[in-house]
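Just below is one structure, and these are the notes that go with it.
What follows draws every value from the coordinates through simple rules; no lab data is involved. Here the structure is a predicted model, which is why all the values come from computation and not from measurement. Here the Cβ positions follow ideal geometry from the backbone for every residue, glycine too, while neighbour counts run over all protein chains shown.
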Amino acid sequence: MSKPTLVISCPIDTYSGYGARARDVVRALIQLDKYDVSILGQRWGNTRFGYLEDHNEHDIISRVIPQLTSKPDIWIQVSVPNEFQKVGTFNIGITAGIETTLCDASWIEGINRMELLLVSSNHSKNVFTQTKYDIQHKQTNQKSGELVATVPIEVLFEGGDVTKYFPKNSSSIDLSNIKESFVFLFVGHWLQGTIGQDRKNVGWMIKAFCETFKNKINAPALLLKAQSAGSSIMDRERILDKIEDIRKGVKGKCPNVYLMHGEISDSEMNDLYNHTKVKSMISFTKGEGFGRPLLEYSFVKKPIIASGWSGHMDFLNKDLTYVIGGELTKVHKSAVQKNIILEDSSWFSPNEQEAAKALKMTYKHYKATLINAKKQGTYNSKHFSLEAMKNLLGEILDKSLPEFPKQIALTLPKLDLPKLEKINE
């Protein structure tokens, strides 16, 4: 008996966050062993291709098809919602979601083209559920209805790979250029926006760190594992210039801020997390659809300091993690992205005093913070692993998918053919 055909359209071969999410979902679908899985590869912005060959993902490569030749039973599209298309008998959209309080109308329209939407966090689900737009009648310009998401929305968290991210006693990462023995780590992209307005809030974070530890003897260091548009030398120099501009704006002697730029492997990232100098991860983000680096870092059982709003709050327990309070503020014009980050929306601005207190407390009482960090890591390793994500995906599909017509194998009658004898010439 054949399995339902499933085609998943996703940036499977790209070095991107959405590419990583796509590969996790594809592997889970294959392991569930309930569907005949094929993959339609897509690009993701300007991110480079080649991940599958570079990592010998031959099982996935064998399932990649050049184009659709028939209508699949199940169509899954991993993308932003305004790109969703209805292709299969049953259509599922998967998106990380949204980092602000409002999504574009085109996203709601895209969501409603599907039969099911899977998002990475409760934050994303809430935004999609609560976003509403008035529909105007073309002739009278009067309100004729309301545009809202009408399809079921389920949360499918982005499981972390506990075989790649885990505590270890050694590290091959060379941080000998960092003289300090206590390093706060940030991991993420430095995106568009003026200081204090970029989505990851990197500029504000640097300034807050410098103000907190300026003029201090034996001050800790801040290490940014960051880039903006890519891994080029020009991108690296632009980031270094921005760091220096921020430090110059602080009156007094600033602590050191270091930059690690470019791509590194998963094993190297785990080594970075486990390095004896790296003590804590910090993120004063203005909004996350999920916040994958924070989850992966939690697996190594070191303390985390993070903004107390949006996607990562699904897996960060405020009793086990230093969660920073703050308030929702309007998105600045410098950070607006068409159809993605809207000027009419809001996101999080962390409280400067709380951020400074968290940095100081983690630095001064580090051993005490490790107790809760270990509890957080142990919990997350069990409840937010790839295995847990796979099981949840299976449960969602089991309850959501309809019965598909089963193809019956054709049984041919047994033919009683005469026995052939060899003819000697």
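Rg and Dmax of the stretch 183-383, based on Cα coordinates, read 16.1, 47 Å. By the gyration tensor of its Cα atoms, with a ≥ b ≥ c the square roots of the eigenvalues, what is the shape of the stretch 127-214: rounded for a/c under 1.5, prolate for a/b over b/c, or oblate? Note, shape of the stretch 127-214 comes out oblate. Just the number, please: Stokes-Einstein D of the stretch 2-71 in µm²/s, Kirkwood Rh from C-alpha pairs, 4 °C, 1.567 mPa s. For the chosen part, D equals 105 µm²/s.
For the stretch 183-383, what relative contact order do you get, as a whole percent, if you take Cα pairs closer than 8 Å and at least 6 residues apart? Walk me through the numbers before you get to the answer.
On the way: 352 pairs, mean separation 45.7, N = 201.
Over the stretch 183-383, the number comes to 23 percent.
Could you tell me whether the stretch 180-224 comes out rounded, prolate or oblate from its Cα gyration tensor? Rule is a ≥ b ≥ c as square roots of the eigenvalues, rounded for a/c under 1.5, then prolate if a/b exceeds b/c, otherwise oblate.
On the way: a/c = 4.66, a/b = 1.78, b/c = 2.62.
Note, shape of the stretch 180-224 comes out oblate.
If every alpha-carbon in the stretch 319-386 counts as one equal scatterer, what log10 I(q)/I(0) does Debye give at q = 0.18 1/Å? Log10 of I(q)/I(0), two decimals: -0.84. If you fit an axis through the alpha-carbon atoms of helix 352-364 and take the longest principal axis of the Cα set of the chain, what angle between them do you get, 0 to 90°, nearest 10? Once rounded, the angle reads 90 degrees. Taking every C-alpha pair closer than 8 Å and separated by at least 6 residues, the mean separation divided by the residue count of the chain gives a relative contact order of 16 percent.
Rg to Rh for the chain: what is it, with Cα atoms only and Rh by Kirkwood? Reported Rg/Rh, Kirkwood definition of Rh: 1.06. Across the stretch 379-396, rounded Karplus estimates of 3J(HN,Hα) from the backbone phi angles (6.51 cos²θ - 1.76 cosθ + 1.60, θ = phi - 60°) give 5, 5, 4, 8, 8, 10, 7, 5, 5, 5, 5, 4, 4, 5, 4, x, 5, 5 Hz, Gly and Pro being marked x. Hey, quick one: spin label on LYS357, modelled 7 Å out along Cα-Cβ, who in the stretch 310-339 has an amide N within reach, i.e. under 17 Å? Hits in the stretch 310-339 for LYS357 at 17 Å: 318-327. Considering helices alone, the calculated mean residue ellipticity of the chain at 222 nm is -9000 deg cm²/dmol, with DSSP H runs of length four and up weighted by -39500 (n - 2.57) and normalised per residue. Modelled this way, with points 7 Å down the Cα-to-C-beta line, the labels at MET234 and GLU403 are 6.0 nm from one another.
If you build a Gaussian network model of the chain, linking Cα atoms that sit under 10 Å apart, which residue out of LYS399, LYS132, LYS179 swings the most? Answer for the Gaussian network model of the chain: LYS399.
Please compare each pair in LYS286/LYS318; LYS251/LYS277; LYS279/LYS390 to a cut-off of 29 Å on the Cα-Cα distance and tell me which ones are over it.
On the way: LYS286/LYS318 17 Å; LYS251/LYS277 27 Å; LYS279/LYS390 31 Å.
In this structure, LYS279/LYS390 exceed 29 Å between Cα atoms.
Ordered from longest to shortest, the equivalent ellipsoid semi-axes for the stretch 270-355 are 26, 14, 11 Å, each the square root of 5 times a Cα gyration tensor eigenvalue. Within 15 Å, Cβ to Cβ, of ILE111, how many net charges do the neighbouring residues add up to if Lys/Arg are +1 and Asp/Glu are -1? Charge balance near ILE111 sits at -2.
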